[in-house]
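Colleague: One structure, pasted below without further comment.
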Amino acid sequence: QVQLVESGGGSVQAGGSLRLSCLASGRTFSEYDMGWFRPAPGKEREFVASLRWIGGSTYYTYYGDSVKGRFTVSRDNVKNTVYLQMNSLEPEDTAVYYCAADRGGVLGTSPSYWGQGTQVTVSS
């Protein structure tokens, strides 16, 4: 069982930055694929970013088209934490951001574990 707790949300003006954190429980955190998602109109959710475990300490990163070049996903396996650095924020980025985890991947599937979400509000 994995528990995820997000933090770092808040209110910023357009052009500003925020860093979200997701603290995970569990002793094999490093072997989990981790991702960030947000709700989207007409869709179940919008993929934001993810880290896919390749093996050892190697991870591939993936980004949704709307955040490429502005957001950066990273992880600290010592702290059992994944981060989402969000720069050049736009009002369209306003959403609740959810952290997700699964050993079998988080892209193109329904991850097994979800956090409760953290609200990000970007004003123009």
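Colleague: With each pseudo-label sitting 7 Å past Cα toward Cβ, what's the E31-R52 distance in nm, one decimal?
Modeller: Using points 7 Å along Cα→Cβ, the separation is 1.9 nm.
Colleague: Among the chymotrypsin sites (Phe, Trp or Tyr not before Pro) within segment 1-95, which fall in a DSSP loop and have no more than 15 other Cβ atoms within 10 Å of their own Cβ?
Modeller: Nothing satisfies the criteria.
Colleague: Which of G56, G104, G26 ends up with the largest GNM mean-square fluctuation for the chain, with Cα atoms connected below 10 Å?
Modeller: G56
Colleague: Using a 10 angstrom cutoff on alpha carbons, build the Gaussian network for the chain and name the most mobile of T94, T109, T72.
Modeller: It is T109.
Colleague: Label points 7 Å out from Cα along the Cβ direction at Q1 and K43: separation in nm?
Modeller: Once both label points are built, they end up 3.2 nm from each other.
Colleague: Out of all DSSP beta bridges with both ends in the chain, state the antiparallel percent to the nearest 5.
Modeller: 90 percent
Colleague: On a full-extension model of 0.36 nm per residue, what is the gain between T61 and S112, subtracting their alpha-carbon distance, rounded to one decimal in nm?
Modeller: Working it through step by step, the gained length comes to 16.4 nm.
Colleague: Something else: Report in % the part of the accessible area of the chain that belongs to carbon and sulfur, leaving out ligands and nucleic acids; probe 1.4 Å.
Modeller: The computed percentage sits at 46.
Colleague: Compute the longest continuous run of the chain that contains no exposed trypsin sites (Lys or Arg not before Pro); treat a site as exposed when its DSSP state is not H, G, I, E or B and it has at most 12 other Cβ atoms within 10 Å.
Modeller: 80-124
Colleague: What number comes out for accessible area per residue over segment 1-123 if the probe is 1.4 Å? Units Å², please. Before the final figure, lay out each step's value.
Modeller: Details: 6330 Å² over 123 residues.
Per-residue value: 51 Å².
The values are calculated or read from the model by the stated rules, or taken from the named source; none is laboratory data. Everything numeric here is computed off the predicted structure, so don't read it as measured data. All Cβ positions, glycine included, derive from the backbone under ideal geometry; neighbour counts span all protein chains shown. Just the protein is used for accessible areas: all its heavy atoms, side chains included, with ligands, DNA and RNA removed. Shrake-Rupley method; radii C 1.70, N 1.55, O 1.52, S 1.80 Å.
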